[in-house]
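The values are calculated or read from the model by the stated rules, or taken from the named source; none is laboratory data. Treat the numbers as computed from the prediction; the structure is a model and nothing was measured. Every residue, glycine as well, gets a Cβ built from its backbone with ideal geometry; the counts of neighbours run over all protein chains shown. Accessible surface areas use protein heavy atoms only, side chains included; no ligands, DNA or RNA. Shrake-Rupley method; radii C 1.70, N 1.55, O 1.52, S 1.80 Å.
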Amino acid sequence: MALPADYDSMRSGEDAERTDDVSSYKVTCMDFIKDVSHDYLAWVDYYKLPPEEDKRRRDGISATIERSNEWIAKVAQTIKGVDVAMNDGIQKMAESTAGKPFQIGVFVNKMSGYTSAPPGMINVSVKAAGREGRGTRLGFHFKDDRFRLESTCKPAIDETGLPAGDFDLMDFAFRIDATKCIQRDLISFTVTVCETKGGDEVDRRGLSTIIHIV
């Protein structure tokens, strides 16, 4: 198996500098999304899940291929924008492969997954609920960073007042400072939520969102 369920590698830097032809790069990255999906589907095969859960994860991967490639083709305007949309798609495929054992939702302007907002302060709503009376808490995507954040501009996540404890039913909001962004910029971020029991973490999942600045 080439990729674990929490695969977090992102193509950027040197790969992005090999061409300045946006149209050609879009085709390359759309093909890459399709190619890497086979690795995630191989992980679903490996898990040997019950039929309903197996279908749910495969459908999630399939939907991500279609929607992310649509954003690469129609929304991204620059090489960096293509990278942001592609990496967001890779994150979403990993999330579908890992499954969603407990409820989690991330919303911008009442939309999830693929969203839009004007430049300025963007409100993000996070909701989650554990299984069978378990709690949830906001986790860290990386060791020292709560969120994964990639963009074509320079946004900043306001971490002031983020909740540190457990929720019976998680429902809180934070803001992304996109005042330095302009129309057609893209912002991708991932929120990680931990499921807890008796104060101890028993599971965790990330949920990625991409924002088109309009």
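Entry comment: accessible area of the stretch 22-99 is 45 Å² per residue, from protein heavy atoms only and a probe of 1.4 Å.
If you take all other residues with their beta carbon under 14 Å from the beta carbon of residue 168, and give Lys and Arg +1 and Asp and Glu -1, the sum is +1. Within the shell defined by Cβ-Cβ distances under 12 Å, the residues around residue 184 carry a net charge of +1, with Lys and Arg each +1 and Asp and Glu each -1. DSSP bridge analysis restricted to the chain gives an antiparallel fraction near 90%, rounded to the nearest 5. Computed on protein heavy atoms with a 1.4 Å probe, the accessible areas place 177, 144 in the order 144, 177, largest first. Of the residues 162, 41, 186, the one that moves most in a GNM of the chain with alpha-carbon contacts below 10 Å is 162. If you take all other residues with their beta carbon under 14 Å from the beta carbon of residue 65, and give Lys and Arg +1 and Asp and Glu -1, the sum is -3.
For the chain, complete DSSP H runs whose alpha carbons reach 15 Å or more along their own long axis and whose mean Kyte-Doolittle score is -1.0 or higher are 22-47, 79-98. With a threshold of 28 Å on the Cα-Cα distance, the over-threshold entries among 80/143; 26/180; 74/143; 80/127 are 74/143; 80/127.
Highest GNM mean-square fluctuation among 34, 55, 80, for the chain modelled with Cα contacts below 10 Å: 55. Given the options 89, 198, 60, state which has the largest fluctuation in a GNM of the chain using a 10 Å cut-off (strictly under) for Cα springs. Most flexible of the set in this elastic network: 198.
Label-to-label distance, residue 23 versus residue 172, with points set 7 angstrom from Cα along the beta-carbon direction: 4.8 nm. For the chain, the list of Cys residues with no other Cys C-beta under 4.7 Å reads 29, 194.
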